[in-house]
Amino acid sequence: MIEIQDLVKTFDGFRALDGLTLHVTQGGIYGLVGPNGSGKSTVIRHITGIYRPDSGSVTVGGQPVYENVAVKRRIAYISDDVYAFLSASLKDMKEFYRGLYPQFDTQRYEQLREAFPLDERKAIRHLSKGMQKQAAFWLAMCCRPDYLVLDEPVDGLDPVMRRRVWGILMNDVAERGTTVLVSSHNLRELEDVCDHVGIIDRGRVLIERSLSELQDNIVKLQIAFEGEAPELSGLDVLHRSAAGRVQTLIVRGRQAEVE
Amino acid sequence: MSWEVPTMISKTPFFDKTVARQGLKRTFPLWLTHAVVWAMAMPVLMTNIYPHTGMLGIGYYILMTVHIGGPLMAAFFSMMMSELLCNYLYSARSVSFYHSLPVRRSALFRTNLLVGLGALLVPAALIGLVTWVMLTALGARDLVPTLLRWFAAYAEYVIFFTGFSLLCAHVTGHVGIGTLIYAILNFAAVALELCVRFILSMFLYGVRVRTELIGVTRFLSPLVKIYYDHGVLLQDGARIYTGGSYRLRLLAAGVVMTLLAWLLYRVRRSESAGEIVSEPALRPVFKYCMTAGFAFIVGVILYFITYFIRDEQTPASLLWFTVCMLAGGAIGYFVSEMMLRKSLRVFKRSLGGFAAAAAAIVLFCAAIGFDFFGVERRVPNLDDIKSVTVELYGVAAFDTAEIRAGDPWLSDVTDMHRAIIRNKDEDRSRLSRTEVNDGSQSWWDGQTVTLEYELTNGSKLIRAYTLPAWQWVRPDEDADVEQDVSSEYVDTVAALCAYPEVIERAYPMFWGEGQWYQTTGEVWQSAATGDWKQLNEEGFKKAAEALKQDLLEGRLHGWRNTREDNGDIIEVTLGYIKNETGREGDFYDVHFAVTPEAGRTWAVLTDMTNYCDELKDVDLSDPEAFGQAYPMLAHPDGWTCTGASVISWKSAWTLSESVYDTLTEQLPGALAQGDVLPWDYDMGLSEQQARLTLTYCDQAAQETAERSFMIFEGSPLWDLITDEENIAG
């Protein structure tokens with residue numbers, strides 16, 4: 001289980017996370033959704049032990065993450081911007097991960113060759129963005145993590161590869177009970193994969209529900225008003241934005257009732 | 001800044017093999033280059049040198065490689081290793097990657113530290129070992145202590161510069177800034193001292209810009225101190241590399257800086273990647289250091305370009321100097337703000353902060369310009385003075401008079417010093433003023449008097465004043481200029497130089513203080529002797545005694561009062577080695593311009609029997625010529641060797657009587673084969689060459705003759721003259 005309580009993080013006076021609380025159940029696939037700049041990547045970097053919280057707690061499997069090697073060995077992380085050593089090939093990175101992750105499975109590495117048609121001797125930096133993501137996935141899955149943390153994971157992947165990746169991931173969840181946290185600004189993409197969703201905005205989790213509950217209980221409306229937009233009392237508006245005369249609203253409630 | 005980092009206690013290794021392997025792989029070109037450079041400098045070069053230098057020489061060269069190459073190699077390669085191993089801290093992507101790995105930060109730090117040190121020191125140790133093997137195979141013996149000294153010195157340099165560069169690397173979150181800070185700090189103390197000296201010399205009477213840096217500056221600038229103050233000496237028959245205690249301090253400083261770097265890393269936030277200064281608490285330090293640095297350096301340059309360079313005689317302008325310092329400080333302050341905030345729009349927000357810096361700059365300038373601390377007015381009390389040297393060129397036969405605590409005339413010096421300060425305005429107005437009287441032209445010219453006090457608290461006070469001295473030129477003299485120099489200051493210094501005790505301190509070799517050995521006595525431009533010649537051993541001794549007496553009687557003068565015409569001058573230079581037991585000595589030369597007024601010396605220098613015979617052009621293969629030049633060697637039966645002395649590189653000794661006959665027997669053959677050469681004053685001494693001087697007595701004529709030879713290391717006679725059993729005393 002991944003648990004975050006009242007997490008606060010400030011960057012040069014800017015409060016990026018404002019008392020954020022989040023729960024990811026064991027063995028689940030949790031989608032963290034929010035607009036650009038809402039704090040998704042910041043949350044993920046706390047969960048993976050990169051950032052130190054200003055206040056609040058971040059625990060994985062009941063243990064604090066920061067500087068905790070035993071916990072971090074159970075976490076695999078794929079960043080939105082994949083990093084590899086200069087001139088390191090996939091093979092080099094495999095050896096590196098094998099040295100750090102005791103559960104690294106070389107058999108799995110061989111098995112996944114078919115799924116990821118990459119030249120493992122080529123420097124990762126010379127691969128395209130999508131291929132770099134594939135390489136990152138390949139290595140992460142071989143670490144046999146108990147927790148998989150993905151930041152915009154399918155960004156750059158073609159539709160076929162996206163299906164393949166989700167398929168492998170969900171297989172792992174089913175077989176091993178891996179807990180997955182995925183961040184994206186695209187809820188539509190996560191609908192097919194996640195069983196729980198958290199909506200984050202301005203450093204806080206607004207809603208945290210199972211997907212089915214959310215789909216039943218959250219409605220997205222786009223309305224064009226003639227003239228000035230009226231106050232919408234009686235509606236539990238979670239989010240409101242405007243583009244010209246068109247207002248986009250996310251409202252809590254059943255679709256039929258809201259409409 | 002809190003050093004407390006909330007963590008989960010978990011058992012983790014001290015060192016991570018995987019990270020270490022990756023670190024070595026990434027830095028491979030660097031440490032390989034380092035190893036190759038040392039391989040060239042040590043086993044390859046030393047094995048080529050050894051056949052020409054022998055044991056003592058090779059020890060010298062081994063230690064010289066670490067003296068000359070060690071600090072530079074350590075400074076450069078340690079910095080590069082630290083930069084490469086720590087560069088993951090400077091990018092958000094890479095720092096996120098590393099800090100998400102299952103490795104504690106302390107293990108990351110320790111691993112990188114050990115990789116950095118190991119990659120430099122392990123190859124160096126192996127290279128030392130290979131050097132030992134190769135030189136031993138060539139016949140060298142007992143090299144282990146020298147090689148251990150070599151390695152220990154290099155290790156101390158590497159540990160210091162690694163700690164230093166790691167600290168610089170962790171202060172910043174921006175690539176390249178760490179290197180820049182490192183480069184600047186290596187020489188910051190020197191730059192600061194030179195700037196401060198320049199500023200003080202502009203505004204404070206008597207303060208001059210010297211080339212010699214003060215001890216604190218040298219201590220804080222290892223690269224400067226090592227090259228200026230340390231070296232390789234011969235002591236008790238072994239080569240030593242001086243500066244051991246300083247290197248131990250460097251080692252300790254390196255350890256402390258490594259610990260500070262580690263502490264910084266512990267509290268460092270990953271999000272500081274890309275920031276100029278990683279730790280917020282250090283940002284004001286960076287800002288105000290930039291302000292001060294720019295105020296000094298840019299301010300001084302601006303002042304020099306816009307004001308000082310126009311006219312050196314114009315008094316310094318405190319107001320303009322303050323403006324230039326403020327301008328320099330402003331540039332530094334706002335540039336640093338821009339770097340820290342990563343924005344060009346900093347002026348409005350930062351004006352308040354700059355106001356404080358500006359106030360400090362104005363206060364500093366006022367303190368200098370109005371001499372708040374009484375620097376200009378300072379004359380030490382008599383009780384605080386250990387000694388003072390007074391320097392005024394050309395007044396006496398010697399230029400520097402040493403006056404010590406307890407000398408009755410010490411107060412003459414401090415009185416003169418006070419008078420100089422008191423008469424500052426009047427003296428300055430006299431300089432370069434020209435007057436015309438009775439058809440002759442005269443003017444006030446400047447002469448520099450330097451006073452260097454050594455105080456009882458160990459510090460030094462140095463002042464140099466350009467003072468007016470009256471010069472007079474006769475208008476009807478068309479060839480030589482007659483200069484009659486006088487002033488109250490010149491008279492005071494001339495009087496000091498007349499005291500016997502002061503003369504003795506200037507020429508201790510004439511009084512036999514310490515162990516002084518004479519080397520060569522050379523005479524130039526003598527109307528009596530022709531071109532220039534060399535005094536023989538007896539002539540040297542006579543000349544030294546005569547000079548001593550003439551000095552005490554005041555018959556030898558400085559160049560200002562010595563007339564050069566019609567060749568009534570003989571210039572003589574006597575060379576000495578001061579040789580303390582077991583250590584290499586130092587060369588000293590004393591030079592005099594002798595006129596007939598110095599009757600005793602003049603008589604010695606015009607007596608041709610006091611000079612060496614010219615033998616360098618003798619054809620040694622011609623028996624007759626050889627017999628004429630070297631009768632004591634060609635027909636030894638009629639001669640008795642009465643003395644044998646050797647002068648080598650910074651060392652001199654006499655040989656025992658037991659080897660006189662052997663030398664006489666072996667010299668003819670050695671001369672014929674070219675192992676030995678007749679001594680020529682064009683030759684220099686080095687570690688591989690020594691001068692052997694033999695004195696003989698003609699049994700029939702009861703005349704003495706002296707012959708000198710150049711002996712080369714590696715020749716049979718070299719072993720004979722350097723064997724300790726053959727050395728007298």
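Just so it is clear, none of the values below were taken in a lab; they were calculated from the coordinates. These figures come from a predicted structure and were not determined experimentally. Using ideal geometry, Cβ is built from the backbone for each residue, glycine included, and neighbour counts are taken over all protein chains shown.
Points to keep in mind about this one:
- Entry note: the protein assembly as shown has Rg to Rh equal to 1.14, where both radii use alpha-carbon atoms and Rh is the Kirkwood radius.
- Nitroxide proxy distance, nm - points 7 Å out along Cα→Cβ at B:ALA137 and B:LYS460: 4.9 nm
- Working note: Karplus 6.51/-1.76/1.60 with θ = phi - 60° gives region B:370-377 the couplings 9, 6, 4, 9, x, 5, 5, 7 Hz, where Gly and Pro are set to x.
- Comparing B:THR322, B:TRP150, B:TYR660 along the charge dipole axis of the protein assembly as shown, the residue lying farthest to the positive side is B:THR322, per the Cβ-charge model.
- Nonlocal amide H pairs with B:LYS386, under 5 Å, H built at 1.01 Å: B:GLU454, B:LEU455, B:THR456
- Cβ neighbours within 10 Å from other chains - mean over A:133-139: 0
- Per-residue ellipticity at 222 nm, computed for the protein assembly as shown from helices alone with -39500 (n - 2.57) per DSSP H run of at least four residues, works out to -14000 deg cm²/dmol.
- Here's the list of lysines a cross-link from B:LYS386 could span, going by alpha-carbon distance under 17 Å and ignoring same-chain residues fewer than 8 apart: B:LYS460.
- Prolate/oblate/rounded label for chain B (Cα gyration tensor, a/c 1.5): oblate
- Under 16 Å from the Cα of B:LYS342 - lysines, other chains or at least 8 residues apart: B:LYS287
- Euclidean distance of C-alpha centroids, region A:124-174 and region B:397-416, integer Å: 87 Å
- Amide hydrogen neighbours beyond the local backbone of A:VAL205, cut-off 5 Å, H modeled: A:THR21
- At R0 = 30 Å, FRET efficiency that the Cβ-Cβ distance of B:LEU185 and B:VAL267 yields, to 0.05: 0.90
- FRET efficiency, A:GLN26 to B:LYS17 (Cβ-Cβ, R0 25 Å, nearest 0.05): 0.15
- Here the Karplus curve 6.51 cos²θ - 1.76 cosθ + 1.60, taken at θ = phi - 60°, turns the phi angles of region B:689-695 into couplings of 9, 9, 9, 10, 10, 10, 10 Hz, with x standing for Gly and Pro.
- Residue among A:ARG163, A:ARG245, A:ARG73 with the largest mean-square fluctuation in a Gaussian network model of chain A, springs linking Cα atoms under 10 Å: A:ARG245
- For B:THR172, distant residues with modelled amide H under 5 Å away: B:SER278
- Chain B, relative contact order in percent, only Cα pairs under 8 angstrom and at least six apart counted: 9 percent
- Counting Cβ atoms of other protein chains within 10 Å of each Cβ in A:51-59 and taking the mean gives 2.
- Non-local lysine pairs in chain A, meaning eight or more places apart or on different chains, with alpha-carbon distances under 24 Å, amount to 16.
- Inter-chain Cβ neighbour average for residues A:77-89, partner chain, 10 Å: 3
- Shape category assigned to region B:288-369 from the gyration tensor of Cα positions, a/c cut at 1.5: prolate
- Placing +1 on the Cβ of every Lys and Arg and -1 on the Cβ of every Asp and Glu, with nothing else charged, gives chain A a dipole about its Cα centre of roughly 880 debye.
- Counting all C-alpha pairs of region B:623-726, share separated by more than 16 Å (%): 55 percent
- Taking packing as the residue-averaged number of other Cβ atoms within 10 angstrom, the listed peptides B:363-370, B:708-715 run from highest to lowest as B:708-715, B:363-370.
- Relative packing of peptides B:696-706, A:43-53 - highest average C-beta neighbours within 10 Å first: A:43-53, B:696-706
- Backbone HN-Hα couplings from phi across region A:154-160 [Karplus 6.51/-1.76/1.60, Hz, Gly and Pro as x]: 9, 5, x, 8, 6, x, 5
- In this calculation the C-beta distance from B:ALA39 to B:SER429 is compared with R0 = 51 Å, giving a FRET efficiency of 0.15.
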